[in-house]
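In what follows, a single structure is set out as structure tokens and then discussed.
The values are calculated or read from the model by the stated rules, or taken from the named source; none is laboratory data. All figures in this text were calculated on a predicted structure; none of them were measured in a lab. Backbone-built Cβ (ideal geometry, glycine too); neighbour counts: all protein chains shown. Please note that ligands, DNA and RNA were not included when accessible areas were found on the heavy atoms of the full protein model with its side chains. Shrake-Rupley method; radii C 1.70, N 1.55, O 1.52, S 1.80 Å.
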Amino acid sequence: TQLLEQSPQFLSIQEGENLTVYCNSSSVFSSLQWYRQEPGEGPVLLVTVVTGGEVKKLKRLTFQFGDARKDSSLHITAAQPGDTGLYLCAGADLANFGNEKLTFGTGTRLTIIP
Amino acid sequence: KAGVTQTPRYLIKTRGQQVTLSCSPISGHRSVSWYQQTPGQGLQFLFEYFSETQRNKGNFPGRFSGRQFSNSRSEMNVSTLELGDSALYLCASSSGTSGGQETQYFGPGTRLLVL
């Protein structure tokens, strides 16, 4: 069974600070996605990383895929209250390409204090 | 383009009953996946349907079943409900033709409470 562990599980920081969320696994994934979920809604895709070592930037968010495609990180610069939410990483199964099944991480609940 | 819709949004049932949840994917999408989200277990994959066929299945008991219609709308059914089935049930749609690298669009979910 593929598992994705996220750390930290909870994070509460002041507006303007920087933070990093980690997503780790012992399994290799063909791609890894990051989602943000707000209360009462479904997860919304932020980014997909495909190539080992890939770095993608989305405004103040920087996503990195590990060289071995087993781990990923999300770094937020100058956090704002609008960044508050549940952040989920999700890996696509390498063994069955064409498989729509995603394995989701345990989640990081982020709170930005104004 | 309308997003993924799920009905009902909230549901209260008692143990032993059965429940049917519905999901309408984005127009043109042929793949619908179902997930269960709980505070303790997080988001777990239930099954995926593509062109009316179950293409992938997670590790859930046979009480959880689903189907997909010719218009790609999908339903999932849970029979003999247990307290532990209380969760947010999410469906996600995608075109289903590009493997795990394409975007899955999630609906708002159906929150099921089993008493």
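Of the listed requirements (1) modelled with pLDDT under 95; (2) under 23 Å from A:Gly91 (Cα atoms), B:Ser51 misses just one: (2).
For segment A:55-106, which positions are in a loop (DSSP other than H, G, I, E, B) and either modelled with pLDDT of 95 or more or more than 14 Å from chain B (Cβ to nearest Cβ) (or both)? If you could, list the steps in order and put the result at the bottom.
Step one: list which residues in segment A:55-106 are in a loop (DSSP other than H, G, I, E, B), which gives A:59-60, A:66-70, A:77-80, A:84, A:94-101, A:105-106.
Within segment A:55-106, A:Lys59, A:Arg60, A:Gly66, A:Asp67, A:Ala68, A:Lys70, A:Thr77, A:Ala78, A:Ala79, A:Gln80, A:Thr84 meet the criteria.
For segment B:46-69, a residue qualifies if it is at the interface with chain A (Cβ under 8 Å from one of its Cβ atoms) and out of contact with any Ser or Thr (no Cβ under 9 Å at 6 or more places or on another chain), and exactly one does: B:Gly58. Restricting attention to segment A:15-29, does a residue exist that is open to solvent by 60 Å² or more (accessible area, probe 1.4 Å) and outside any loop (DSSP other than H, G, I, E, B)? Yes: one or more hits.
Of everything in segment B:19-40, what is more than 13 Å from every other protein chain (Cβ to nearest Cβ) and either at pLDDT below 90 or open to solvent by less than 50 Å² (accessible area, probe 1.4 Å) (or both)? Give them in sequence order.
B:Val19, B:Leu21, B:Ser22, B:Ser24
Residues to consider are B:Leu43, B:Leu11; find the one that is facing chain A (nearest Cβ under 10 Å) and part of a strand (DSSP E or B). It would help to see each step written out before you state the result.
On the way: B:Leu11 fails: facing chain A (nearest Cβ under 10 Å).
After ruling out the rest, the residue left standing is B:Leu43.
Taking the stated definitions as given, is A:Gly91 in contact with a Phe, Trp or Tyr (Cβ under 8 Å, 6 or more places away or on another chain) and open to solvent by 10 Å² or more (accessible area, probe 1.4 Å)? For A:Gly91, the condition - in contact with a Phe, Trp or Tyr (Cβ under 8 Å, 6 or more places away or on another chain) and open to solvent by 10 Å² or more (accessible area, probe 1.4 Å) - is not met. Within segment B:74-89, the set of residues being open to solvent by less than 60 Å² (accessible area, probe 1.4 Å), assigned to a loop (DSSP other than H, G, I, E, B) and not hydroxyl-bearing (Ser, Thr, Tyr) comprises B:Leu81 only.
The rows are residues; the columns are (1) free of Cβ contacts under 8 Å to residues at least 60 places away in the same chain; (2) farther than 24 Å from A:Glu5 by Cβ; (3) open to solvent by 50 Å² or more (accessible area, probe 1.4 Å); (4) in a strand (DSSP E or B).
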position	(1), (2), (3), (4)
B:Gln17	no, yes, yes, no
B:Arg55	yes, yes, yes, yes
B:Pro61	yes, yes, yes, no
B:Ser72	yes, yes, no, no
